[in-house]
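K.L.:
Below you will find the structure I want to go over with you.
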Amino acid sequence: MNTLYAQHIAQLQQRTENALSRSGFDALAIASGIEKFAFLDDRPYLFQPNPHFKHWLPLTQHPNSWLLIRPGRKPLLVYYQPDDYWHVPPSPPSGYWVGHFEIAIISDAAEAAAHLQGHGRLAIIGEADAALAGVTPNNPEQLLHLLQYPRAFKSEYELEQMRAASRCAAKGHLAARDAFMAGASELEIHRAYLAATGHTDRDLPYTNIVGLNEHCAVLHYQYQDAIAPSQSRSFLIDAGAQVNGYASDITRTWSRGGHEEFEALLAAMESSQLALVDEVRAGTDYRDIHLSTHRRLAAILSEQGVVKMSAEAIVAEGVSSIFMPHGIGHLLGLQVHDIGGFMADDTGAVSPKPEGHRYLRLTRKLEAGMVVTIEPGLYFIPTLLKQLRASKNAAAVDWAKVDRLLPHGGVRIEDDVACRAEGAPENMTRDAFAALR
């Protein structure tokens, strides 16, 4: 681990020095962020660290800390460790990362300013509320572009963290599946997931989506019913884990059997998803994978008799977007929807989305080291089906079949996939599940 981390830090140092030179700055200060409180209350929100800060350090619960990067010198970590008897303060710095930094420990957040001033023209990355006396975030646009574009290319250290996050999440997914099969409620399933991963809600990289039956059709279903339905037909869980600030993002859909039409759709989507994963190759435009998804989805809709049109017509008429309104995936890493998905290059130029596909979150050409999600879905969403019923294509739909499938909500299957320089991609998610067999 130490060797991989040393290589990672050296790469970040070189990348940052180049960005500073090109943007005309002498040094870079990065705020970890501050703890935020609810309006008119003393209850804090969950702390979300600045992703630029945790790119360097595996510190995710350290508000009021700072990082200073100067060309030709070790990075300086200003480490906030208050003398606090209301809460547990951060432990003294320890671990594989410590030797790669100069460390200044402060007990008052305002003390950081003295360590950050006097380094020439300073670029400061952070939210406005992280400002200190004489140290105000300026977030230079050119510098941010130079740092955020290459963040898509993960170092071997980063890939190891993401593999570990997939292994952690896979344990939770299997526990959630077992709870569903036993007839548990959404809340009970969620608790089974947390117990298996060793996470609490505050550790999760995003709020778990745990949906039974019709709730599988709500793309970002945000509730967890405490009472189990009288009949649990289907189950969709979109849940990840976090290791040293790096996320996994995995979705699985399960059925308790007994409904041949839904089982057939689920099997067809599984085959299609694996074929799409295989399209993650260096040099492939991610937009082409998204468009390939719609062709494959249209073929399923046609072959399963949901829509009695040719696959080509289903795509051309936009019918496939009724059944899958979201994009095929996104970049993954320090953030679940990692930044830089629309960047054509490090100047900040934008790669456009395909016409008619406004929800796609990634429009770049794939290169070695990128980690993306591949998450095709097929849903029966009442509000979108209402639009289809009112369209010229309504007569081509087998509405009786749709009505039979509505109580199951839909299907989504999502894997985290690393693009390699040559050959087949690395499917971190499938590898993680395979290791548990």
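The values are calculated or read from the model by the stated rules, or taken from the named source; none is laboratory data. Since this is a predicted model, take the numbers as computed values, not measurements. In this analysis, Cβ positions are derived from the backbone assuming ideal geometry, glycine residues included, and neighbour counts consider all displayed protein chains. For the accessible areas, the whole protein counts, side chains as well, though only heavy atoms, and no ligand, DNA or RNA atoms are used. Shrake-Rupley method; radii C 1.70, N 1.55, O 1.52, S 1.80 Å.
K.L.:
In the set Tyr85, Tyr5, Tyr80, which member is among the hydroxyl-bearing types (Ser, Thr, Tyr) and within 15 Å of Val135 (Cβ to Cβ)?
P.N.:
None of the others qualify; the one that does is Tyr80.
K.L.:
Sticking with this one: Only one residue in Gln304, Gln335 is out of contact with any Pro (no Cβ under 7 Å at 6 or more places or on another chain) and not basic (Lys, Arg), so which one is that?
P.N.:
Selected residue: Gln304, the only one of Gln304, Gln335 that is out of contact with any Pro (no Cβ under 7 Å at 6 or more places or on another chain) and not basic (Lys, Arg).
K.L.:
Let me ask you something else. Those residues that are open to solvent by less than 20 Å² (accessible area, probe 1.4 Å) and within 21 Å of the chain's Cα centre (by Cα), I need them from the stretch 160-188; list them, please.
P.N.:
The answer is Gln161, Met162, Ala165, Ser166, Ala169, Ala170, Gly172, His173, Ala176.
K.L.:
Let me ask another. When you scan the stretch 297-305, do you find a residue that is touching a residue at least 24 places away in the same chain (Cβ under 8 Å), in a loop (DSSP other than H, G, I, E, B) and in contact with a helix residue (DSSP H, G or I) (Cβ under 7 Å, 6 or more places away or on another chain), even just one?
P.N.:
yes
K.L.:
Tally time: how many residues in the stretch 322-333 are open to solvent by 10 Å² or more (accessible area, probe 1.4 Å) and among the aliphatic types (A, V, I, L, M)?
P.N.:
Residues that pass the stated criteria total 1.
K.L.:
Only one residue in Ile30, Ile105 is farther than 23 Å from Gln242 by Cβ, at pLDDT 95 or above and assigned to a strand (DSSP E or B), so which one is that?
P.N.:
Only one candidate passes the filter, namely Ile105.
K.L.:
If you take the residues of the stretch 259-282 that are over 22 Å from the mean Cα position of the chain (by Cα) and either of a type outside the set (D, E, K, R) or modelled with pLDDT under 95 (or both), which of them is most open to solvent (accessible area, probe 1.4 Å)?
P.N.:
For the stretch 259-282, the residue satisfying everything is Ser271.
K.L.:
Take the stretch 247-277 and flag every residue that is in contact with a strand residue (DSSP E or B) (Cβ under 8 Å, 6 or more places away or on another chain) and assigned to a helix (DSSP H, G or I).
P.N.:
Phe262, Glu263, Leu265, Leu266, Met269, Gln273, Leu276, Val277
Condition check ((1) aliphatic (A, V, I, L, M); (2) closer than 23 Å to Tyr157 by Cα; (3) touching a helix residue (DSSP H, G or I) at 6+ places or on another chain (Cβ under 8 Å); (4) assigned to a helix (DSSP H, G or I)) across all residues:
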site	(1), (2), (3), (4)
His357	no, no, yes, no
Thr373	no, yes, no, no
Leu378	yes, no, yes, no
Leu388	yes, no, yes, yes
Lys392	no, no, no, no
Ala400	yes, no, no, yes
Asp403	no, no, no, yes
Pro407	no, no, yes, yes
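K.L.:
Going residue by residue through the stretch 312-321, is there one that turns out to be of a type in the set (D, E, K, R) and either touching a Phe, Trp or Tyr at 6+ places or on another chain (Cβ under 8 Å) or open to solvent by less than 10 Å² (accessible area, probe 1.4 Å) (or both)?
P.N.:
no
K.L.:
If only one of Ala268, Ala275 is small (Gly, Ala, Ser) and under 22 Å from Tyr359 (Cβ atoms), which one is it?
P.N.:
Of Ala268, Ala275, the one residue that is small (Gly, Ala, Ser) and under 22 Å from Tyr359 (Cβ atoms) is Ala275.
K.L.:
Scan the stretch 306-322 and tell me whether some residue there is touching a Gly at 6+ places or on another chain (Cβ under 8 Å) and either of a type in the set (Asp, Glu) or within 29 Å of Phe153 (Cα to Cα) (or both).
P.N.:
No, the stretch 306-322 contains no residue that is touching a Gly at 6+ places or on another chain (Cβ under 8 Å) and either of a type in the set (Asp, Glu) or within 29 Å of Phe153 (Cα to Cα) (or both).
K.L.:
Check Gly283 against each of (1) part of a helix (DSSP H, G or I); (2) over 29 Å from Gly305 (Cβ atoms); (3) not hydrophobic (A, V, I, L, M, F, W, C) and name the one condition it does not meet.
P.N.:
(1)
Results for (1) in contact with a strand residue (DSSP E or B) (Cβ under 9 Å, 6 or more places away or on another chain); (2) part of a strand (DSSP E or B); (3) touching a residue at least 12 places away in the same chain (Cβ under 8 Å); (4) not hydroxyl-bearing (Ser, Thr, Tyr), shown as yes or no for each residue.
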site	(1), (2), (3), (4)
Pro49	no, no, yes, yes
Gln61	no, no, yes, yes
Lys74	yes, no, yes, yes
Val78	yes, yes, yes, yes
His87	no, no, no, yes
Gly95	no, no, yes, yes
Ala110	yes, no, yes, yes
Gly120	yes, no, yes, yes
Ile124	yes, yes, yes, yes
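K.L.:
Looking at the stretch 413-437 only, could you name the residues that are open to solvent by 20 Å² or more (accessible area, probe 1.4 Å), assigned to a helix (DSSP H, G or I) and of a type in the set (Gly, Ala, Ser)?
P.N.:
Correct list: Ala434, Ala435.
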